[in-house]
Amino acid sequence: MSITAEPPRQQFQSDANRTSTDAPRRAAVRRALSNYQTARDRTGATFTDWKSARASAATIKHEAVNHLDRYLEEFEKKFSARGGKVFWASDSKQARDYILHLAKEKNVRSIVKSKAMTGEEIHLNQALLEEGYGVVESDLGEYIQQLKGEPPYHFVFPCMHLRRDEISDLFQRELGTEKTDSPEELTMIARRVLRRAYVEADMGISGGNFIVADTGMISITENEGNARLTVGLPKIHVALIGIEKVVPCLADLALFLPMLATAGTGQHLTGYNSMYGGPRQPGEIDGPDEFHVVFLDNHRTRLLADPEQRDALHCIRCGACLNVCPIFKNIGGHTYGTTYQGPIGSVITPHFRGLEDWKHLSGASSLCGACTETCPVGIDIHHHLLHNRRNAATQKPAPGEQFLWRAFSFLMKRPALYRLATKFAPLGGMLHPLVQGSPLDPVASWTATREFPAAPAGSFRARFRAHTAAKSAALKKGGVQ
Amino acid sequence: MSPNRGDREAILGRVREALREEAPLKHPAERSAGGEPTTAHFREWLPPVGASIEERYALFAKLSESLRTELQLCADMAEVSAAIKKLAEEGAWKTIALHEGELTSALVPAFPAQLSPMVLSKGYDKDQLEACDAGLTECDLLVAQTGSVCVTSKSAGGRVLSVLPPHHIVVARKNQLVTDLSEAYASLASKYRDAYPSMISFITGPSRTGDIERILVLGAHGPKRLTVLLLP
Amino acid sequence: MRVTLFVPCFIDSLYPNVGMSMVHILERLGHTVDFPEEQTCCGQPPFNSGYWEEARSVAVKQLEAFKNAEVVISGSGSCGAMFKVFYPELFHGHPGEAEAKALSAKTWEFSEFLVTKLGVTDLGARFDGRATFHDGCHGLRELGTKQAPRELLRHVKGLELVEMSEAETCCGFGGTFAVKYPQISTAMAEVKCNSICETKADYVISNDSSCLMQIGGWLNRNVGSVKCLHLAEVLASR
Ligand code: SF4
């Protein structure tokens, strides 16, 4: 769960210990992701030059994010000119209050929602339910998670960790349907239930994948058509979007939509990519009478103020970095305890919710770089994990650890002392007494699950010295030259 | 009363403050021979399509097949009518929703007797539309590179006609087929100038989901079937 | 050519054979091998833990030790990446920045040095057995080394090279990560090793000894039959 009583670090540690040894769940996640990988590789290969496409995408996002004020204002101007309303929310509460107030003012009873991670971020559903509004998630995966009473497991594939029999049991319990092991039948059950929700809802809430500045449009990417219906049928629409989601021009989407699809799901293009420029226009036959866009800051400006990591705001939330992450695959999405899981979540959460409480996520990485390699907008994800580690250690060094590294560097910057020490004991042996018996004890931690290499007869330097000596002796003896 | 814009000034202030120091550009797009950054030419990096109309059509057909869009070439309007009749009979359709349009309206007189048309106009009944067996629309463009149908609230009878009924039928002409999304956006821009319809949507295959074990299922919320009837 | 070896601390004390194999290979090719005794550790452990100041104090010593080197060869992709990629960042805006950039420019990962710089792929090695290759993440993604080690292994007589499905997947070592999050690290090792075992290889070869310590540690505890070898050890055998 994203809200737990336990401090985040402890929650992470104990959940990680449990999930990383849960073999069946790990296998299910790997199986689900292997389909993704095949599709992604195939579609990626159809690009004439993926790397250059990525550089173009990074350059465009760099332009957008580094001139964010200008583009947001441009969007607002265009969008308002067509009757849309823009509300700027500094934090979760302000965004929630605006939406709650709107719902009350317009006598809304039921709300249909299409996928919005920003909604998770500000705990919108909970707030709406508390005020007595019916809220239904319409994306299939989100709907399943809502029924299950769990946050999404993955911000693109919300219920990827569940097997079909678990979903069937859930539907049986919550909806009273028959047992089935067919994903198709399960999907049709949800389809039947949710179609009523669209028709009856008086308010639709969505997220948004792109804020298009030059034409004043919100672009939404999806596969199911649920967002099309959510934005199309109810008479009021609210799109809740992070301020960083800007692209300068509508034409830029010609690059971003295929890249988002390829990286996100391995499709050339997802099922529906729709751009909305405000409420129903004169002469049009349907669409909402009111279209509100809520710009959410919620500490994005804090990340923006860090030029070193600013590119983390280029993220288009494709989820690719989760899909290739060996940590994610082994501990799963809920373990992170965050709205945004996986590598990118580990980078941005400390900025959004505090470094001290969330720095452990940056530590829980082997820094393999698979995330950075796959990212379609070229974010230096794993290097930012290093930056977070550095910032955390600078801001508030951990006493035991700092002592250890001071001792380490004391030794390592004194080659003579290092040589002397290695003569008597291998490296591990030298430093071990400093931490033996403490939670930092690396030997105990290592040997619980792994063997330690056998100590060799002598160090490399000793052997190299002997080798050089033998060689010059041979030279002398042979009298060569 | 001026509208409530929330913390507009405060947020813009924080943004400007944050941007005072510039961020490095880590992956600069290479410059093309002309010195322009290649962002202006990103089409070159995307999947190739081919210049001729035949190549465009071949790719669109290939993608349609893998997307499970049912693409059918029709020599004339009579063939389009016949195709719809066949679908209606197979599916035992009772009602078909459509919008007024040059092609769609021309098809109504030829509908089989048991198929009643629901012509959408302002203020249609949502329940009635939801109960229709099929939706018939025109479109703005077809996109070869992605196998997509581009509809707008203007060209396709509003926002939901193309997505609420379980079977979506598109009637289009072959000359509406453009190479890629770049060309599609350029074409929309010249067609609508500054007065874009309030919705533009690229529809790529019938509605789909992979949410259960990443296994593909068609017809998650939108149409289970998408048929494109293509006139010369 | 005068080739200067960088033998990181843990290879020095735990895997001396790897260093000696590199010496033999380079000498056989007619190069003079040099080993500055002043070198200790690249500083990666404190660097990765966020203690950059401590890392810098160690790193300065390496800048000095390798100041006069013509080329610097590392037998560990990870420590090589520290010199090549992370030193310029570590010293950015600090004294030593120019030296760090210079060291970065002349540092090579071992296999890349042989194949790309020297243009050698056949070292006349002979090694009988079936083996699979593990790409160390730092070598693969920070340095871009993928084909060079395979190129070299293809020329080893008697060696049958089979690719595993998870060749590019991290083994879970990650330095202090392996001991700070042992459960996650071990789960990753398990995935890696299962993939190794699927190939029915007798040996797993890598260009990074730190990965091999992790992989070997898991294999020796759970499987026992598959052996770990550093690329240089295979290339030096006749
Ligand atoms: S960081 Fe990159 S790979 Fe990860 S979700 Fe964002 S855009 Fe996708």
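Of note:
- When the C-alpha to C-alpha distance is required to be over 26 Å, the pairs from A:LYS115/A:LYS359; A:LYS85/A:LYS106; A:LYS113/A:LYS245 that qualify are A:LYS115/A:LYS359.
- Alpha-carbon centroids, the stretch C:150-204 and the stretch B:1-24: separation in whole Å: 49
- Comparing B:PHE111, A:THR265, A:ALA305 along the charge dipole axis of the protein assembly as shown, the residue lying farthest to the positive side is A:ALA305, per the Cβ-charge model.
- Stokes-Einstein D (µm²/s) once Rh is taken as the Kirkwood radius of the stretch A:24-153 over alpha-carbon pairs, at 10 °C in 1.306 mPa s: 85
- Cα-projected label distance for B:GLU90 with A:GLN37, points at 7 Å along beta-carbon direction, nm: 3.8
- Rounded to the nearest 500, the 222 nm mean residue ellipticity of chain A from helices alone is -16500 deg cm²/dmol, with -39,500 (n - 2.57) taken per DSSP H run of at least 4 residues.
- Counting only DSSP beta bridges with both residues in the stretch B:50-231, the antiparallel share comes to about 25 percent.
- Rounded to 5, the percent of DSSP beta bridges in the protein assembly as shown classed as antiparallel: 25
- The stretch A:88-155: trypsin sites (Lys or Arg not before Pro) in DSSP loop, at most 15 other beta carbons within 10 Å: A:LYS106, A:ARG109
- Under the combined filter of DSSP loop state and at most 14 neighbouring Cβ atoms within 10 Å, the stretch B:70-119 retains these GluC sites (Glu not before Pro): B:GLU100.
- Extents of chain A, taken as max minus min of Cα coordinates on every principal axis and listed largest first, are 101, 51, 45 Å.
- Gyration tensor (alpha-carbon) shape descriptor, the stretch A:47-298, a/c threshold 1.5: oblate
- Stokes-Einstein D in µm²/s, Kirkwood radius over Cα pairs - the stretch B:139-225 at 25 °C with 0.890 mPa s viscosity: 179
- For the stretch B:185-228, the Kirkwood estimate of the hydrodynamic radius, built from every pair of different alpha carbons, is 12.8 Å.
- Calculated [θ] (222 nm, deg cm²/dmol) that DSSP helices of n ≥ 4 give over chain C, each run adding -39,500 (n - 2.57): -12500 deg cm²/dmol
- The tail of the calculated P(r) for the stretch C:123-236, taken as Cα-Cα distances beyond 25 Å, holds 16 percent of the pairs.
- Kirkwood hydrodynamic radius computed over the protein assembly as shown comes to 30.1 Å, based on all pairs of distinct alpha carbons.
- Residues listed by number, the stretch C:180-217, amide nitrogen under 19 Å from C:HIS155 label point at 7 Å toward C-beta: C:206-207
- Here, the stretch C:43-120 is characterised by an Rg to Rh ratio of 0.99, where Rg is the alpha-carbon radius of gyration and Rh the Kirkwood radius.
- Descending semi-axes in Å of the stretch B:50-231, equivalent ellipsoid built from Cα gyration tensor: 24, 19, 18
- Dipole size of the stretch A:47-298 about its Cα centre, with +1 on Lys/Arg Cβ and -1 on Asp/Glu Cβ: approximately 320 debye, rounded to the nearest 20.
- Overall dimensions of the stretch A:343-383, expressed as equivalent-ellipsoid semi-axes from the Cα gyration tensor (√(5λ), whole Å, largest first), are 19, 12, 5.
- Share, in percent, of DSSP beta bridges within chain A that are antiparallel, nearest 5: 25
- Dipole magnitude for the stretch B:15-157: about 240 debye, using +1 per Lys or Arg Cβ and -1 per Asp or Glu Cβ, origin at the Cα centre.
- Stokes-Einstein diffusion coefficient of the stretch A:277-410, Kirkwood radius over Cα pairs, 25 °C, 0.890 mPa s, in µm²/s: 146
- For the stretch C:71-176, applying the loop criterion from DSSP together with a ceiling of 13 other beta carbons within 10 Å to the GluC sites (Glu not before Pro) yields C:GLU163.
- Flagged links, alpha-carbon separation over 23 Å, of C:LYS101/C:LYS192; A:LYS476/C:LYS117; B:LYS94/B:LYS224; A:LYS329/C:LYS192: C:LYS101/C:LYS192; A:LYS476/C:LYS117
- Farthest positive-ward along the protein assembly as shown dipole, Cα basis, beta-carbon charges - from A:ALA392, C:ALA100, B:CYS139: C:ALA100
- Rounded Å value of the spacing that divides the Cα centres of the stretch A:115-151 and the stretch A:262-328: 18
- Toward the positive end of the charge dipole of the protein assembly as shown, with +1 on the Cβ of Lys and Arg and -1 on the Cβ of Asp and Glu, the farthest Cα among C:PHE177, A:SER168, A:VAL156 is that of C:PHE177.
- Look at the Cα gyration tensor of chain C: its axes a ≥ b ≥ c give a/c of at least 1.5 with a/b at or below b/c, and that counts as oblate.
- Charged-residue dipole, Cβ positions (Lys, Arg, Asp, Glu), the protein assembly as shown about Cα centre, Debye nearest 20: 2340
- Adding -39500 (n - 2.57) for every DSSP H run of four residues or longer, then dividing by how many residues chain B holds, sets the calculated 222 nm ellipticity at -8000 deg cm²/dmol.
We did not get these values from a lab; they are worked out from the coordinates using the rules stated. As the structure is a prediction and not an experimental result, all values here were calculated from the model. Don't worry about glycine lacking a Cβ; one is built from the backbone with ideal geometry, like all the others, and counts go over all protein chains shown.
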